[in-house]
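Written out below as structure tokens is the structure these notes cover.
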Amino acid sequence: MNRRQAAWISFGLLLVLCGVHAAAVATPVPTETGQVDSRNTEDAQVLEQIERDTESVLTGQHFSYDPTGRRDPFEPLIKTQKIGTEGKRPKGIAGMLISEIDLKGVVTDVDGLPAALFRGSDNRGYTIRVGDVVYDGRVISIDSGRGAVVFRQQVEDPRRIKPYRDVVKRLRPEQEEDDAESLMEEGT
């Protein structure tokens, strides 16, 4: 006997026991004062409703799902990313998505550290350095020689091994894909 057959047999026995219990409870029992206890009749009604629901599930008229230890099958596999706090996004570059900002220049500051110049979705200019955070990611490297910035974007995709992906923004998008791969290797 396999597990499925054992489950159906135990389910059938449970139904029989519920029926026996419902029949015993359905009989109104007078109390010492001679009144019928309303709690017993309510219990009987609840058991009858459970029995009707069980029959509708078995006949295919109704659907039931026991999520014990499993994910909800109706929830999408790929969820939209919600980073930060619920509600409004922060102001400035910290509240903009990686896809909403455009790289306009890559410079080196007085200390010799690279910085990137971006135009945000609000048409304002912003300076970003390695480690700065935008709404859905973080800057992991800036290459002033190649004119590229690599972002690490947080992704909730159960099919991916890593919970992130690296996004490269370039000044000159016609550069080869080999540049992107070498930038990602240097950034990690």
Can you pull out every residue in the stretch 164-188 that is surrounded by 11 or more Cβ atoms within 10 Å (Cβ to Cβ), at pLDDT 75 or above and over 15 Å from residue 97 (Cα atoms)? 170, 171
Residue 118 at pLDDT below 80 and out of contact with any Pro (no Cβ under 8 Å at 6 or more places or on another chain): no
Residues to consider are 98, 128, 142; find the one that is in the same structural domain as residue 168 (by TED's automatic domain parsing) and touching a Pro at 6+ places or on another chain (Cβ under 8 Å). 142
Which pairs do you get when a residue that is within 17 Å of residue 131 (Cβ to Cβ), found in the stretch 87-115, comes within reach of a residue that is modelled with pLDDT of 90 or more and exposed (fewer than 12 other Cβ atoms within 10 Å of the Cβ), reach meaning Cβ atoms under 9 angstrom, with the pair 6+ apart or on two chains? 92/124; 93/124
Test residue 125 against the stated conditions and say whether it is touching a residue at least 12 places away in the same chain (Cβ under 8 Å), loosely packed, with under 14 Cβ neighbours inside 10 Å, of a type outside the set (Asp, Glu) and under 23 Å from residue 146 (Cα atoms). yes
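The values are calculated or read from the model by the stated rules, or taken from the named source; none is laboratory data. Keep in mind that what you see is a predicted model, and the values were worked out from it rather than measured. Ideal geometry is used to build each Cβ from the backbone, glycine not excepted, and the neighbour counts take in all protein chains shown.
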